[in-house]
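Enquirer: Below you'll find the structure I mean.
What follows draws every value from the coordinates through simple rules; no lab data is involved. As the structure is a prediction and not an experimental result, all values here were calculated from the model. Note that each Cβ is placed from the backbone with ideal geometry, even for glycine, and that neighbours are counted across all protein chains shown.
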Amino acid sequence: MSRFPDRFPSEHYTYENWVWAFTMLFSRAIRLRNLRAGERLAMVPYADLINHSAFSQTFIDARESGDWLFKDGEEEVILYADRGYRQMEQVYISYGQKSNAELLLLYGFALERNPYNSVDVTVSISPRTAAVVAANGGMGIEEDPLAQEKLDFLFSVGRGQTVDFPCYADRYPVEMLEYLRLMMMTPEDTRGKPLADFDYSRTISSANEAAVLQSVVAAVRYQLGLFPQTEEVDADIIKDKAMFRLLSYNQRMAVRHRRNEKRLLKRTLAALEKQIRNKGLDEEEVLSRAEGSTLGEVLKGETRKQKTALEDKLEKMGLPIDIR
Amino acid sequence: MKMKGLLGPNKGRGNPKLTANSRLVSWLETEGGVYLSELSTWGEAPHPMAISTETVDEITNESSGRGLLARRSISDGDELLKIPLDLCITRRSARRALGRDALPEDINEYLAMACQLIREKYVLGEDSFYAPYMGVLPEVEEVNPTFTWDV
């Protein structure tokens, strides 16, 4: 860009203007499919005035214009209604399946009832290698004979020790269970077979499964504990309509958002505990082993470097750029 | 739902938001041949929507800025709008605007389009072909995404 100063005048290509441009793109650009040239990202005038609803199925796409007799080689963007609208009713479009955190990040709003809402639960496991045991000397941590093999296996499938999984109101990802089943393997489970020989999409053993579910419970509890106020406090703030109105727009959105995250985590917790009971994994005998194999595994106080939300977003889009 | 902001003959003179709306509509009609009239004509059904400058979200009751309203009842599957790709901002339009030498073919789409947006709104301003479109794009404060919130 610096090669063409006349086309990129620095008084206009400023940080504030880049922020404006990316705000427009993140909140309004649409990915068009079915183009002759394949997929393309586009900002479509007029169409982008339509507001978002998570419940809308309206889709937007491109096609060659003209009917089948009169193709003129030009392409156009076309939008069909996904349901009926009464006169004067607002027309909505779906911006895609987005969680509230993403909606708030990109479009500045959070939805009270959003079927696509999810909360990232961080699962971080430190395999108890000889080195880890030594570092925590005398803390009662036993060395895991499979630790090094687990690390190697994770490395070979391209996973790290810390993984974020999205939890939805009604489900959590199988990948999380598969990951934890692997991490909770003991010599009793492997009986000398290599770790790569097991199918982690199924229950390995009841002791292994108990350890897995217990560690998810611990991780979700930990995540909940990171919030300074409880969900009940948030609910009271929202319920007091007169007070709630006095808050700024940003504050209202933030309270709604954090309350929904907590609600979602609590629901996950209840579902997990029910599952543990139903499978009889809370029996003394199973638990003792579970206790043994979860020792010190959910790392407290994850201290990963926090990126700003915009940096994170740009990086995920393959744009590790410094717009300052 | 309030009916503020509907375009009609001579309505909205003097209100900058309504002027911007009608500028966008005439730009779409003249440059893109988009049919946005509420009247039907030979081979064209009346356009089913109208721009509203103020809308309110049904669930949260928060203001949701500009939006489109159904001007008449709309059935499932009806065509809502048709916009020529030539009026859209894409990587291709960005490369055309800023030069293929400055923006390589494999440049990230977001980056290319951001370059063009800044050019149309700030460098060219009123001289831009896209000025009527830029005129209805909100400011950062109106969108208010969290990545711009101060902490």
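Enquirer: Shape verdict for the range A:241-282, please, from the Cα gyration tensor: rounded (a/c under 1.5), prolate (a/b greater than b/c) or oblate.
Expert: Verdict is prolate for the range A:241-282.
Enquirer: Estimate the FRET efficiency between B:ARG96 and B:GLU141 by the formula 1/(1 + (r/R0)^6), using the beta-carbon distance for r and 30 Å for R0, to the nearest 0.05.
Expert: 0.45
Enquirer: Going by average Cβ density within 10 Å per residue, which order do the peptides B:79-92, A:259-272, B:109-122 take, highest to lowest?
Expert: B:109-122, B:79-92, A:259-272
Enquirer: If I stretch the segment between A:ASP152 and A:SER10 completely, what's the gain in nm (0.36 nm per residue apart, minus their alpha carbon distance), one decimal?
Expert: The A:ASP152-A:SER10 span can extend by a further 46.2 nm.
Enquirer: Enumerate the calculated ³J(HN,Hα) couplings along the range A:218-232 in order (Karplus 6.51 cos²θ - 1.76 cosθ + 1.60, θ = phi - 60°), each rounded to whole Hz, writing x wherever the residue is Gly or Pro.
Expert: 4, 5, 5, 4, 4, 4, 4, x, 6, 6, x, 10, 7, 5, 4
Enquirer: Calculate the mean, over all residues of peptide A:188-194, of how many other protein chain Cβ atoms lie within 10 angstrom of the residue's Cβ.
Expert: Mean number of neighbouring Cβ atoms from other chains: 0.
Enquirer: Tell me, what ³J(HN,Hα) does each residue in the range A:5-19 have, in order and in whole Hz, if you take phi through Karplus 6.51 cos²θ - 1.76 cosθ + 1.60 with θ = phi - 60° and put x for Gly and Pro?
Expert: So the J values, rounded to whole Hz, are x, 6, 8, 10, x, 5, 6, 9, 8, 9, 4, 4, 6, 5, 4.
Enquirer: Please list, in chain and number order, the residues 5+ apart from A:VAL91 or on another chain whose amide H is under 5 Å from its amide H, with Hs placed from the backbone.
Expert: For A:VAL91, the qualifying residues are B:LEU68, B:LEU69, B:ALA70.
Enquirer: Quote to one decimal, in nm, the extra length available between A:GLU232 and A:GLU143 on full extension: 0.36 nm per residue of separation minus the C-alpha distance between them.
Expert: Result: 27.9 nm gained on full extension.
Enquirer: Put a dot 7 Å past each Cα toward the Cβ at B:ALA131 and A:ALA242; how far apart are the dots in nm?
Expert: 5.1
Enquirer: Follow-up question, since we're still on this one. Please give the peptides A:15-22, A:234-241 ranked by average Cβ packing (other Cβ atoms within 10 Å per residue), highest first, as a rough proxy for protection.
Expert: A:15-22, A:234-241
Enquirer: So what are the ³J(HN,Hα) numbers for the range B:19-24, from phi and the Karplus equation (6.51, -1.76, 1.60; θ = phi - 60°), rounded to whole Hz, Gly and Pro as x?
Expert: After applying 6.51 cos²θ - 1.76 cosθ + 1.60, I find 4, 4, 4, 6, 4, 4 Hz.
Enquirer: Turning to a different aspect of this structure: Just checking the output field for A:14-22: average partner chain Cβ neighbours within 10 Å of each residue's Cβ?
Expert: 6
Enquirer: Now for a different question. Can you figure out the FRET efficiency of A:ASP197 with A:VAL174, using R₀ = 25 Å and their beta-carbon distance, to the nearest 0.05?
Expert: Step by step, r from the Cβ atoms, then E = 0.85.
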